[in-house]
Amino acid sequence: MLNYVIRRLLQMIPLLIGISIINFVIMHLAPGDPVLLLTERNAPPEEVARIRALYGLDDPIYVQYFRWLRQILKGDFGRSFVDGRPVIDHIMDRLPYTLYLNFVVMIIIYALAIPIGNISALRQYSWFDHVVTFFAFLGQALPSFWFALMLIYAVGIKSDWLPISGVATIGVSLKRHGFWTVLVDRAKHLILPVTVISLGSMAGITRYMRSSMLEVIRQDYIRTARAKGLPEKVVIRKHALRNALLPIVTLLGMELPILFSGSVIIETIFSWPGLGLLSIRAVFQRDYQIVMALNMIGAFLMVLGNFISDILYVLVDPRIKYS
């Protein structure tokens, strides 16, 4: 097991280096010149050349890459081209809001999708199974941005039941209004984005869970367990469920980058001040330092999530051994 972990960690190094090269090259091939963000409009060529030399943007691309990589390894993601603030400060300002939103979403998704998919498989072709299948296909077919706009129109604008943007009402504070008022206000702002993000993800995981459970309960060892006279609850809980969770463990590892990077479209629509909104604004403003930093963090979390999934396989299925 230890040898496997060390080998996987060593394999992550060249993979991340390759991703960093592709990330850096694509950003330099993208249209737009970051120097124009650092100079005044119609600045003379001499001033543009001075700024370019000051930031090292006139060096060969491989020199710029190794300088950027050396900074990344030190935990320094550079400074924003727009306001000059360190990129890490921008990320840390937005990270709590993204974690707050996506942590609630993940709890709701897995707390509902796993038991619903499980029951749907055990009651195949029942009315419950048909209803679950219908809403699962509906949730995956609905474009998230369209569903978000429909909710904003129906719930936020037409009826004014819920707030449609931000994380809190301006002026509502713990000191002035008390704990429960602040809690209800935060919950109201959370309902719409959580609903939109949860619908599509929960639909997919429910279908995965249903398909996996259907495949497992038809295996020979499940029939053997039933033939021994074990209660059905014991057969499902101890023999079928753990094996059916293997695909869900894979998806759980892939959720890690989403948990930290956020949903770009949904955060933009609902003006949620997380990393998703930060990334889309950085793209539009051609703030390449922020874009490259978020890309590298997302890539690292994706690789780390796959690694964690492989380790969790052993906990879910004892038959899997790593040597």
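Coordinate-derived values only; no laboratory data. Only a predicted model underlies this, so the values are computations on that prediction, with no experimental measurement involved. Neighbour counts are summed over all protein chains in view; Cβ atoms, including those assigned to glycine, are modelled from backbone coordinates with ideal geometry.
Structure values in brief
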quantity	calculated
Label-point gap, in nm, between residue 271 and residue 224 - each point 7 angstrom along Cα→Cβ	6.2
Selected from 294, 57, 174 as most flexible by GNM, with the chain as the system and alpha-carbon contacts under 10 Å	174
Simple spin-label estimate for residue 55 and residue 161 in nanometres, 7 Å along Cα-Cβ	4.7
Summed residue charge, Cβ within 14 Å of residue 133's Cβ, Lys/Arg positive, Asp/Glu negative	+2
Reachable lysines, given that their alpha-carbon falls under 25 Å from the alpha-carbon of residue 175 and they are not under 8 places away in the same chain	188
Residue 191 paired with residue 129, simple spin-label distance in nm, labels 7 Å along Cα-to-beta-carbon	3.5
17 Å Cα-Cα reach of residue 228 towards aspartates and glutamates, excluding residues that sit fewer than 8 places from it in its own chain	220
Under 5 Å, built H, 5+ apart or other chain: amide partners of residue 79	87
J(HN,Hα) series, region 93-107, from Karplus relation 6.51 cos²θ - 1.76 cosθ + 1.60, nearest Hz, glycine and proline x	5, 8, 4, x, 5, 5, 4, 4, 5, 6, 5, 4, 4, 5, 4
Structure-based [θ]222 nm, the chain - -39500 (n - 2.57) summed over DSSP H runs of at least 4, per residue, nearest 500	-23500 deg cm²/dmol
Unit charges at the beta carbon, dipole of region 95-285: most positive-side option, 266, 177, 212	212
